[in-house]
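The values are calculated or read from the model by the stated rules, or taken from the named source; none is laboratory data. On a predicted model such as this, the values are computed, not experimentally measured, just so you know. Ideal geometry is used to build each Cβ from the backbone, glycine not excepted, and the neighbour counts take in all protein chains shown. Side chains are part of the model used for accessible areas, which takes the heavy atoms of the whole protein and leaves out ligands, DNA and RNA. Shrake-Rupley method; radii C 1.70, N 1.55, O 1.52, S 1.80 Å.
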Amino acid sequence: MHPQSSVQPSLTAVPAPLTVDVLGVELALSDYAEMLDWIDEMVLSRQRGYLCACNVHTVMASREDPELRASLQAASVNVPDGQPLVWAINALGHPLSGRVYGPELMLRACARSVRMNHRCYLYGGHNQGALVQLALNLRERYPGVKIVGGYSPPHRPLSGEERAAVAVAINRSHADIVWVGIGVPKQEKWMAEMRPHLDAPVLAGVGAAFDFHAGRVPQAPTWMQESGLEWVYRLTHEPRRLWKRYLRYNPLFLAAFARQLSTRRRAENRP
């Protein structure tokens, strides 16, 4: 059982960014500034939604996992977290200058939350110790940031009683933003399931951000991120966990997007 949320959303909808369909996922034509403003407006209006940071793995996995696909379709915003998705959006005729990288969005939002007085909850992490380290690192980096709670769930499905207890704990924290770092596809499915039961206006799934910012996993150099080679760096550091993901989904993405682009161009050239 889940406790029902007591907060009623605003009747005035917070506008979401324009989107473009990339292989069945609506990706936001947005940037950091617009997404930070969206978070602020959601918190101010007490409207409730959730944000997914999508990369190639997310998009391709959603083509095989109906529950993940439904979770992305129900999201308020899906931001292009991976550089290849930005290139795909550009190829479809939309001038998007860069990605909205989940780990970077989390840092920028934490910095802004000091000024805006937003309350943040952390859900995820490798274990409770890593979660504590993440909270310490964020507090050291952004003095005054309000981390009002956190929970590192076990690496198994939660029982109904455990899910209800999590909802109670998050609601009692009066969080404005719940940062979710339990990986694809668990975080997207968790946000879709828990969204009706949580008072926090914004749930944001940011994947590996927890491991990066806790210092557990190194981040790729900027030049590799901008060149779309972050996956190579991560694969060399976590080969046993990631090799199937990258070596399977990356070629499938290239082939599937080539078909989408070809179909689009034929339609545009049709008299």
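Would you please classify the overall shape of the chain from the alpha carbon gyration tensor, given that a ≥ b ≥ c denote the square roots of the eigenvalues, rounded means a/c under 1.5, and beyond that prolate means a/b larger than b/c while oblate covers the rest?
Values: a/c = 1.60, a/b = 1.37, b/c = 1.17.
In terms of gyration-tensor shape, prolate.
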**Asked** What is the spread of the Cα atoms of the stretch 179-271 along each of their three principal axes, largest first, in whole Å?
**Response** 52, 38, 24
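What per residue convex hull volume, in Å³, comes out for the stretch 64-151 when only alpha-carbon positions are used? Could the numbers behind the result be given before it?
Details: hull volume 13.3 nm³, N = 88.
Each residue corresponds to 151 Å³ of Cα convex hull volume.
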**Item:** Relative contact order for the stretch 107-200, counting Cα pairs under 8 Å that sit 6 or more residues apart, in percent
**Value:** 36
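At 1.4 Å probe size, put 234, 141, 115 in order of accessible surface, largest to smallest.
Numbers: 234 30, 141 145, 115 170 Å².
Order by accessible area, largest first: 115, 141, 234.
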**Relative contact order of the chain, pairs being alpha-carbon contacts under 8 Å that are 6 or more residues apart, as %** = 24
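If packing is taken as the average count of other Cβ atoms within 10 Å, what order do 216-224, 180-188, 143-151 fall into, highest mean first?
Descending mean neighbour count gives 180-188, 143-151, 216-224.
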**Asked** Taking Cα centroids, how far is the stretch 94-113 from the stretch 217-270 in Å?
**Response** 19
**Message:** Counting pairwise Cα distances across the stretch 117-271, what percent come out greater than 23 angstrom?
**Reply:** 50
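Just check the stretch 133-178 against the gyration tensor rule for me: Cα atoms, a ≥ b ≥ c as the square roots of the eigenvalues, rounded for a/c under 1.5, and otherwise prolate or oblate depending on whether a/b exceeds b/c. Show your work: numbers first, answer last.
Values: a/c = 4.33, a/b = 1.78, b/c = 2.43.
Oblate, since a/c reaches 1.5 and b/c is not below a/b.
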**Message:** Among 203, 157, 122, which residue has its Cα furthest toward the positive end of the charge dipole of the chain, with +1 on Lys/Arg Cβ and -1 on Asp/Glu Cβ?
**Reply:** 157
**Request:** Ratio to report: Rg/Rh of the stretch 222-271, with Cα atoms as the point set and Rh obtained by the Kirkwood method; give two decimals.
**Result:** 1.21
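Shape of the stretch 158-205 from its Cα gyration tensor (a ≥ b ≥ c, root eigenvalues): rounded if a/c is under 1.5, otherwise prolate when a/b > b/c, or oblate?
Values: a/c = 1.88, a/b = 1.12, b/c = 1.68.
It is oblate, given that a/c is not under 1.5 and a/b is not larger than b/c.
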**Asked** Among 92-104, 38-50, what's the highest-first ranking by average C-beta atoms within 10 angstrom per residue?
**Response** 38-50, 92-104
**Message:** Principal axis extents for the stretch 1-129, Cα atoms only, whole Å, descending order, please.
**Reply:** 42, 39, 36
**Message:** If I ignore ligands, DNA and RNA and count only protein heavy atoms, how much of residue 87 is accessible to a 1.4 Å probe, in Å² to the nearest 10?
**Reply:** 120
**Prompt:** For the chain, with only Lys/Arg (+1) and Asp/Glu (-1) charged at the beta-carbon, what is the dipole magnitude about the Cα centre, in debye rounded to 20?
**Reply:** 460
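How would 26, 67 line up by accessible area, probe 1.4 Å, largest first? Write out the running numbers ahead of the final one.
Numbers: 26 85, 67 105 Å².
Descending accessible area places them as 67, 26.
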**Asked** Sorted from largest down, what three extents in whole angstroms do the Cα atoms of the stretch 47-203 have along their principal axes?
**Response** 45, 36, 30
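Determine the order of 162, 230, 140 by accessible area, beginning with the largest, at a probe radius of 1.4 Å. Intermediate values should be presented prior to the final figure.
Details: 162 55, 230 25, 140 145 Å².
Heavy-atom accessible area, descending, gives 140, 162, 230.
For the stretch 86-127, compute Rh as the Kirkwood radius over C-alpha pairs and then the Stokes-Einstein diffusion coefficient at 10 °C and 1.306 mPa s; write the answer in µm²/s, rounded to an integer. List each step's numbers first, then the result.
Working: Rh = 12.9 Å.
It comes out at roughly 124 µm²/s.
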**Fill in**
Bridge orientation stat for the chain from DSSP, antiparallel percent rounded to 5, came to 15
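When the accessible area of the chain is split by element with a 1.4 Å probe, what percent falls to carbon and sulfur?
56
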